[in-house]
Amino acid sequence: MISNQILQNTIDGIKNISSVDLSILDTSGKVLVSTMTNPDNYDQKEAIAFSQSQADASAIGDCQYFKVYEERHLEYVLMVKGGSSDNFLVGKMAVFQIQGLLIAYKERFDKDNFIKNLLLDNLLFVDIYNRAKRLHIDIEKRRIVFILENSPDRDQATLENIRMLFGSKSTDFVTAVDESSIIIVKELGEKDDYDYCEQIAKSIMDVVGQDGDNNTHIAYGTIVRELKEVSKSYKEAKMALDVGKIFSPDKHIVAYSALGIGRLIYQLPIPLCKMFIKEIFSNRTPDDFDEETIVTINKFFENNLNVSETSRQLFIHRNTLVYRIDKLQKSTGLDLRVFEDAITFKIALMVVRYMKYMETLDY
């Protein structure tokens with residue numbers, strides 16, 4: 001169904017050209033949009049009688065009525081003010097324009113459904129190629145999937161703004177699978193690389209902007225060369241979105257190809273994670289450490305295990321930092337000044353963060 005705003009813009013344009021007033025009614029005779037000052041000043045019974053008649057056009061009083069079909073189904077009734085032959089011609093042209101819009105919107109709806117089912121792996125291999133051919137979608141183009149996640153209370157304008165950003169290319173697809181996610185399937189040229197994809201992500205972020213809670217994130221998968229592999233890029237983008245929120249919450253654009261060790265940890269089963277944490281910390285967890293210890297650990301890692309630089313940034317004496325590291329070593333058996341122990345500790349902290357995230361999904 002075409003939005004009333006689109007219909008209003010259409011008949012406004014026709015009136016600007018022809019100076020003829022028009023109204024579009026539904027099949028029950030209710031005015032949907034109009035260019036008239038008093039659009040309700042008409043005989044509704046006449047409009048209903050016309051919609052139920054066999055005629056496709058009819059002059060009743062000082063108005064002319066036309067039926068607008070979509071695949072032989074009556075969709076709208078067009079009412080044109082004035083009974084002249086010129087007004088009749090305007091009415092026929094308006095019907096042609098509206099029917100063209102109906103065809104275009106139906107095709108977009110069909111493509112939207114196809115892309116959704118493609119992303120969710122709901123299509124058989126043979127169906128992908130048959131439906132793509134029918135919808136005139138090229139199956140051998142390079143593509144990549146972006147996922148934009150924002151607050152569920154964002155309005156419909158966000159989706160429309162993204163569609164406008166990619167609207168110049170009919171080969172790009174923008175759809176929504178839930179309240180908070182918008183998916184963009186972007187067609188790429190042969191020379192477009194991941195730097196180009198990063199620029200696209202930044203453009204999307206510029207259009208959408210950050211919400212008050214800083215909940216807007218964009219993730220994208222890898223570039224695929226066949227239409228059937230689009231679902232793979234979509235799954236990668238979904239993983240990148242989760243991994244980014246777990247391990248880099250302050251990073252708003254995340255690429256699957258740059259997830260690092262977070263990708264490996266994300267795929268670990270929870271029982272194995274618990275076993276690993278128990279092995280490293282025994283009956284303790286990083287949550288048992290006081291805030292001072294946590295700040296010291298994070299700053300030490302930020303400075304690549306450099307004692308002097310860490311103590312300087314923490315505004316403490318070098319010996320104080322050494323004392324804290326020694327204290328941590330006694331409680332965990334890991335010396336953060338030793339590279340292997342530091343790596344083990346860093347991974348353990350990431351595993352704990354991953355486990356906490358998975359716990360929030362269970363509630």
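The values are calculated or read from the model by the stated rules, or taken from the named source; none is laboratory data. Just so you know, these numbers come straight off a predicted model, no measurement behind them. Using ideal geometry, Cβ is built from the backbone for each residue, glycine included, and neighbour counts are taken over all protein chains shown. For accessibility, only protein heavy atoms count, side chains too; no ligands or nucleic acids. Shrake-Rupley method; radii C 1.70, N 1.55, O 1.52, S 1.80 Å.
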### Query
For segment 111-128, what are the residues that are surrounded by 15 or more Cβ atoms within 10 Å (Cβ to Cβ), in contact with a helix residue (DSSP H, G or I) (Cβ under 7 Å, 6 or more places away or on another chain) and either at pLDDT below 85 or assigned to a helix (DSSP H, G or I) (or both)?
114, 118, 119, 128
### Query
In the list 292, 279, which residue meets the criterion of being of a type in the set (Asp, Glu) and either touching a residue at least 12 places away in the same chain (Cβ under 8 Å) or not in a helix (DSSP H, G or I) (or both)?
292
### Summary
Here, helices (runs of 4 or more DSSP H) confined to segment 152-258 with at least 1 residues that are exposed (fewer than 13 other Cβ atoms within 10 Å of the Cβ), of a type outside the set (Lys, Arg) and at pLDDT below 95 are 156-166, 194-208
### Message
Of the conditions (1) within 30 Å of residue 170 (Cβ to Cβ); (2) surrounded by 13 or more Cβ atoms within 10 Å (Cβ to Cβ); (3) small (Gly, Ala, Ser), residue 100 satisfies every one except a single condition; which number is it?
### Response
(2)
### Task
Starting from residues that are in a helix (DSSP H, G or I) and modelled with pLDDT under 90, keep the ones in segment 1-22 and report whichever is farthest from residue 72 (Cα to Cα).
5
### Message
Please go through segment 76-89 and give me each residue that is in contact with a strand residue (DSSP E or B) (Cβ under 6 Å, 6 or more places away or on another chain), open to solvent by less than 30 Å² (accessible area, probe 1.4 Å) and not hydroxyl-bearing (Ser, Thr, Tyr), ordered by number.
### Response
77, 78, 79, 80, 87
### Query
For residue 238, which of the numbered conditions (1) in contact (Cβ under 8 Å) with a residue 24 or more places away in the chain; (2) over 14 Å from the mean Cα position of the chain (by Cα) fails to hold?
(2)
### Task
Search segment 23-56 for residues being open to solvent by 40 Å² or more (accessible area, probe 1.4 Å) and not in a loop (DSSP other than H, G, I, E, B), and hand back the single one that is nearest to residue 8 (Cα to Cα).
32
